[in-house]
Amino acid sequence: MLILVLNSGSSSLKFSVFDSERSDEPILQGELHGPALDCVDQVFTRVADLTLDAIGYRVVHPGPKLDRHQRITPEVLQALDAASGFAPLHDPEAVSIIRGGLARYPQLPHFACFDTIFHQTMPTEANTYPIPKSYRDAGVRRYGFHGLACESVVNQLQQTGVPKRLIIAHLGSGCSVTAVVEGRSIDTSMGLTPTGGVVMGTRPGDLDPDLILHLIRQVGGDVEKVEKDLNHASGLAALSGLPNDMKAIRKAAQAGNGDAVLALKVFTRSVRKSIGAYSWLMGGVDAIAFSGGIGEHDAASREEILVELAEQGIEIDSALNNAEQNGMRRVNAPGSNTGIFIVPAQEDLMIANHVKRMMIEETYDDDRRFC
Ligand SMILES: Nc1ncnc2c1ncn2[C@@H]1O[C@H](COP(=O)(O)OP(=O)(O)O)[C@@H](O)[C@H]1O
Ligand SMILES: CC(=O)OP(=O)(O)O
Ligand SMILES: [Mg+2]
């Protein structure tokens, strides 16, 4: 079964093709940057010779109504259009990519897999905001994102046994920290939207709520401008004055650029605070896993986030942390009570697995209908 997976993140369109009966390794994979529809056209050219069986799309925010990964129908598309305001950096592009896919491959089944599903195990006290009931009744709650990435981290850690109390720091263009107990999300830093939580590439993370009202007043009530500034022009990029690229920001900081140095300090401090809070919440932490472009590749961020925690039993091994390696690996010092892992996010494989499962379930349902 050949499954094309399209993962549109805030800074890239990643694509993979899996031969799902044969291997967990994709037969084709790539990453494109630029306008979503140009990127998706390039993907369709690259896969033109393949006989695809299905397409799976990553969608960040499904809105309040869709509560499972599912086949894309006109009703699902309508719900996703309505949800676009919840994730302005992600959903409009994902929906236009889906429409491009439906137009190019009308005969194929298309499936949407959501970032939120993994976090449905959060207890009510974790997903409830202390705001008036009328808002809560209209779907205003913590949803949590990067769920497919978190699911893939948990799956990969199964090789060595999933630690009971795990914290996942998914640090990519968007960044989040998730507390996981026995493989299930119990709390996560992103909230109603993927703009909240820890500091990110172009997003600020959590802010004083009245700060946002203050900004809106400051620009004469122009909500769209503030929304754009908070999603596209904040975070590491705003503080450093550089593009949203950790490699460039690190290089500038090493060359003595004070704004870049401050940006990195604000970023690593916010992730460290979030890890600390979840460790306290769980009564301790057995393992910390870093994933995402920064989490996987930026050794300095990992080191800065976990510096001087040896007394708390959390100690990174500098040589292991700086070793040029790929794949899942353990980088804690031998004496560290807490395991420290680098785990590549495999959102694409999770989507392919869900698509395969949904296709099998649909066949089974069809069989039953024929009985
Ligand atoms: N080798 C590297 N060293 C440091 N940072 C890296 C490296 N590779 C990627 N990154 C950073 O990872 C971030 C993008 O993460 P990624 O997970 O790919 O993004 P997306 O959220 O779009 O999926 C960028 O800040 C990028 O600079
Ligand atoms: C939810 C989110 O922020 O995703 P990404 O990191 O891919 O932009
Ligand atoms: Mg991503």
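Report the antiparallel proportion of the DSSP beta bridges in the chain as a percent, rounded to a multiple of 5. Of those bridges, close to 60 percent are antiparallel.
Converting phi to 3J(HN,Hα) with the Karplus coefficients 6.51, -1.76 and 1.60 and the offset θ = phi - 60°, segment 18-33 yields 10, 9, 5, 7, 9, 7, 7, 8, x, 7, 8, 7, x, 9, 10, 10 Hz in sequence order, with x at every glycine or proline. Take every pair of alpha-carbon atoms less than 8 Å apart whose residues are at least six positions apart; their mean separation over the length of segment 15-165 yields a relative contact order of 22 percent. Size of segment 2-114 from its Cα atoms: along the principal axes, largest to smallest, the extents are 36, 28, 25 Å. Divide the volume of the convex hull around the Cα atoms of segment 284-371 by the residue count and you get 122 Å³ per residue. In this Cβ point-charge picture (+1 for Lys and Arg, -1 for Asp and Glu), the chain has a dipole of about 460 debye about its Cα centre. Dipole size of segment 2-114 about its Cα centre, with +1 on Lys/Arg Cβ and -1 on Asp/Glu Cβ: approximately 220 debye, rounded to the nearest 20. Divided by 2.2 N^0.38 Å, where N counts the residues, the Cα radius of gyration of segment 105-200 comes to 1.20. Spherically averaged projected area of the convex hull of Cα atoms, segment 210-306: 7.7 nm².
Applying both filters, DSSP loop and at most 12 other Cβ atoms within 10 Å, to the trypsin sites (Lys or Arg not before Pro) of segment 148-203 eliminates every site. Partner lysines whose Cα lies under 29 Å from the Cα of Lys225, excluding those fewer than 8 positions away in the same chain, are identified as Lys14, Lys65, Lys133, Lys247, Lys265. For segment 329-336, 3J(HN,Hα) computed residue by residue from phi via the Karplus equation (6.51, -1.76, 1.60; θ = phi - 60°) reads 8, 9, 10, 7, 5, x, x, 6 Hz, glycine and proline entered as x. Which whole-number percent of Cα pairs in segment 147-342 have a distance greater than 26 Å? When every Cα pair of segment 147-342 is considered, 33 percent fall beyond 26 Å.
Residues whose amide H lies under 5 Å from that of Ser185, counting only those 5 or more places away or on a different chain, are Thr121; hydrogens are built 1.01 Å from N in the peptide plane.
Nearest 500 deg cm²/dmol is fine: what mean residue ellipticity at 222 nm does the chain get from its DSSP H runs of n ≥ 4 alone, each adding -39,500 (n - 2.57), divided by its residue count?
Value at 222 nm, helices only, nearest 500: -12500 deg cm²/dmol.
Within the chain, the whole DSSP H helices whose Cα atoms reach 20 Å or more along their own axis and whose mean Kyte-Doolittle score is at least -0.5 are 258-281. All other residues with a Cβ under 14 Å from the Cβ of Arg250 taken together, and with Lys, Arg as +1 and Asp, Glu as -1, what is their net charge? Within the 14 Å Cβ shell, the charges total -1. The Kirkwood radius of the chain, taken over pairs of alpha-carbon atoms, gives through the Stokes-Einstein law at 37 °C and 0.692 mPa s a diffusion coefficient of 153 µm² s⁻¹. Note on segment 1-151: antiparallel DSSP beta bridges, both residues inside, total approximately 60 percent of the bridges counted.
Remark: the chain carries 48 Å² of accessible area per residue (probe radius 1.4 Å; ligands, DNA and RNA excluded).
The values are calculated or read from the model by the stated rules, or taken from the named source; none is laboratory data. Computed from a predicted model, the values in this text were never measured in an experiment. Cβ atoms come from the backbone with ideal geometry, glycine included; neighbour counts cover every protein chain shown. With ligands, DNA and RNA removed, areas are computed over all heavy atoms of the protein, side chains included. Shrake-Rupley method; radii C 1.70, N 1.55, O 1.52, S 1.80 Å.
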